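J.: Encoded as structure tokens, here's the structure I'll be asking about.
The values are calculated or read from the model by the stated rules, or taken from the named source; none is laboratory data. Small disclaimer: the values here were computed from a predicted structure and weren't measured. Counting neighbours? That spans all protein chains shown, and the Cβs are built from the backbone with ideal geometry, glycine included. Each accessible area value is taken on the protein alone, full model and side chains, heavy atoms only, with ligands, DNA and RNA left out. Shrake-Rupley method; radii C 1.70, N 1.55, O 1.52, S 1.80 Å.
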Amino acid sequence: MTNTIKDGPFCVDCRARKESRFCVNCQKETSNLFQVQIIETMRARESIGIKQKRQGFKGFIKKIFQGFKPSGDPQLSQGVDVQMIVDKEKNEYHHIVKNNLTGKILHEEHEKLTEHKPKK
Ligand SMILES: [Zn+2]
């Protein structure tokens, strides 16, 4: 089951919720930031995916995934707990994978996004 919630706009500078381009908090016109939340429920385990989009910016500026992922590895029968943050604004990439059964970290990456190379 997938639930998509679109929220916003928010001010890009102060992150306050706003109604139009004009931000009451900043007292000026600022860019709009939108947040798209995708909540997937599977086998009673939950994972959450969040994408932040900005007006005038192609694609997303920030992507977060957190939660359960199944694993094909028989050693990981309970699946894994994944935490992934892709931040184009800060140029950061974080990826942590834990064994759901033991809580042990299986994989950990903290890199600059521009230096991150996807595994082949
Ligand atoms: Zn503002």
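J.: Holding the Cα-Cα limit at 31 Å, pick out from Lys28/Lys69; Lys18/Lys117; Lys53/Lys104; Lys28/Lys90; Lys18/Lys98 the pairs that are longer than that.
T.: Numbers: Lys28/Lys69 43 Å; Lys18/Lys117 37 Å; Lys53/Lys104 33 Å; Lys28/Lys90 24 Å; Lys18/Lys98 38 Å.
Check vs 31 Å cut-off fails for Lys28/Lys69; Lys18/Lys117; Lys53/Lys104; Lys18/Lys98.
J.: Over the chain, average the accessible area per residue using a 1.4 Å probe and give it in Å², no decimals.
T.: 69
J.: Something else now. Quick check for me: using +1 on Lys/Arg Cβ and -1 on Asp/Glu Cβ, what's the dipole size of segment 2-115 about its Cα centre, in debye to the nearest 20? Show your work: numbers first, answer last.
T.: On the way: 20 positive and 15 negative charges, 89 e Å.
Charge dipole, segment 2-115, about its Cα centre: 420 debye, nearest 20.
J.: Could you check the simple spin-label distance between Gln66 and Lys98, using points 7 Å along Cα→Cβ, in nm with one decimal?
T.: 1.1
J.: Additional query: Which of Gln55, Gln66, Gln27 moves most in a GNM of the chain, Cα contacts under 10 Å?
T.: Gln27
J.: Full extension from His107 to Ala16: what is 0.36 nm times the residue separation minus their Cα-Cα distance, to one decimal in nm?
T.: 29.3 nm
J.: What percent do you get for the relative contact order of segment 1-106 when only Cα pairs under 8 Å and 6+ apart count?
T.: Once normalised by length, the contact order is 16 percent.
J.: Which ³J(HN,Hα) values in Hz, rounded to whole numbers, follow from the phi angles of segment 76-85 under the Karplus curve 6.51 cos²θ - 1.76 cosθ + 1.60, where θ = phi - 60° and Gly and Pro get x?
T.: Residue by residue, segment 76-85 yields 10, 5, 8, x, 10, 9, 10, 10, 10, 10 Hz.
J.: Taking the Cα atoms of the chain, what is the range of coordinates along each of the three principal axes, in descending order and whole Å?
T.: 56, 34, 22
J.: With a cap of 15 neighbouring Cβ atoms within 10 Å, and only residues DSSP puts in a loop, list the GluC sites (Glu not before Pro) found in segment 61-112.
T.: Glu89
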